[in-house]
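Novice: First the structure, which I've put down as structure tokens, then a few questions once you've had a look.
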Amino acid sequence: MPKLLLCFLGLLLGWSTAPAGYGQPATMSLAQCLAYAREHSPAIERSRLQVENVRLLIRENKAQGLPQLDVGLHYRRMLSLPVHPLPGEFFGMPDEVVPIRFGTDNFMDLGLNVRQVIYDRSLLSRRKMEDLAIGLQRLQVQQTEAETLEQAASLYLEWLQLLNRQKLLEGQERRLERLQALVQAQVANDFARPVDLQRLELESRKLELRKEELQAGIAQIEEGLKLLIGMPPEAQFQP
């Protein structure tokens, strides 16, 4: 019983001392967004992998100029020795053919072949093309990184603008709610007409539609930004 009580108290203390920001979206600035994109963007990763593939191909081509060693081992077992017909004159039997079996039951052959390229003009020209290909791939990586970071910055700034518009709409919504409460009280005391309250309700519906459209746009930009910088879809962040 005392052990159960201690465990229960430990759980209560763990819940009470949990950080206030636990479960909340992480804060991400523009610089952090660009740094994350530079490390995790799928487009940048693909361009870097292309450079690595070119390097592997270059190593493979260079290996063709190194000494080549071929080793072969062949083994053969004869179930029955072959029969070879020989002229009978060898055995004192003219005008006859004598079948003779000869050979070995087991046969093994070991071969070793060494090759070395002394001079090949195509290898020299190929190495020049390989150096050029590496340079082009590196430029492609830089271009892809610059384009990706530019797109990420553009989406991030557009996302901030929509969030600011959302805050403005929320402020307008709160002011409109206070105005509706005031007009409703005036209508109850015959200081305002019901049509005035209906107009405010219509404006409230319009404001709600604008807010829903804005939220959909924010969600769409967030999904596009996550896809661009390589962030998991379930991740959440705030400016």
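Laboratory data are not the source of any read-out in this text; all were calculated from the coordinates shown. Just so you know, these numbers come straight off a predicted model, no measurement behind them. All Cβ positions, glycine included, derive from the backbone under ideal geometry; neighbour counts span all protein chains shown.
Novice: Going through the range 198-227 one residue at a time, which ones are of a type in the set (A, V, I, L, M, F, W, C) and surrounded by 12 or more Cβ atoms within 10 Å (Cβ to Cβ)?
Specialist: LEU200, LEU207, LEU214, ILE218, ILE221, LEU225, LEU227
Novice: Of the residues ALA133, ALA153, only one is more than 28 Å from ALA26 (Cα to Cα) and in contact (Cβ under 8 Å) with a residue 60 or more places away in the chain; which?
Specialist: Numbers: ALA153 fails: more than 28 Å from ALA26 (Cα to Cα).
Answer to the check: ALA133.
Novice: Looking at VAL141, VAL187, VAL195 in this structure, which one is without any contact (Cβ under 8 Å) to a residue 12 or more places away in the chain and surrounded by 14 or more Cβ atoms within 10 Å (Cβ to Cβ)?
Specialist: VAL187
Novice: Right, next: Could you check the range 140-157 and list, in sequence order, the residues that are within 11 Å of LEU225 (Cβ to Cβ) and either polar (S, T, N, Q) or touching a helix residue (DSSP H, G or I) at 6+ places or on another chain (Cβ under 6 Å) (or both)?
Specialist: Hits for the range 140-157 are GLN151, ALA152, SER154, LEU155, TYR156.
Novice: Of the residues in the range 78-95, how many are part of a helix (DSSP H, G or I) and under 27 Å from MET108 (Cβ atoms)?
Specialist: Qualifying residue count for the region: 0.
Novice: Do you know which residues across the range 43-83 are touching a residue at least 24 places away in the same chain (Cβ under 8 Å) and within 30 Å of PRO99 (Cβ to Cβ)?
Specialist: If the condition is that a residue be touching a residue at least 24 places away in the same chain (Cβ under 8 Å) and within 30 Å of PRO99 (Cβ to Cβ), then HIS74, TYR75, ARG76, ARG77, MET78, LEU81 are the ones that fit.
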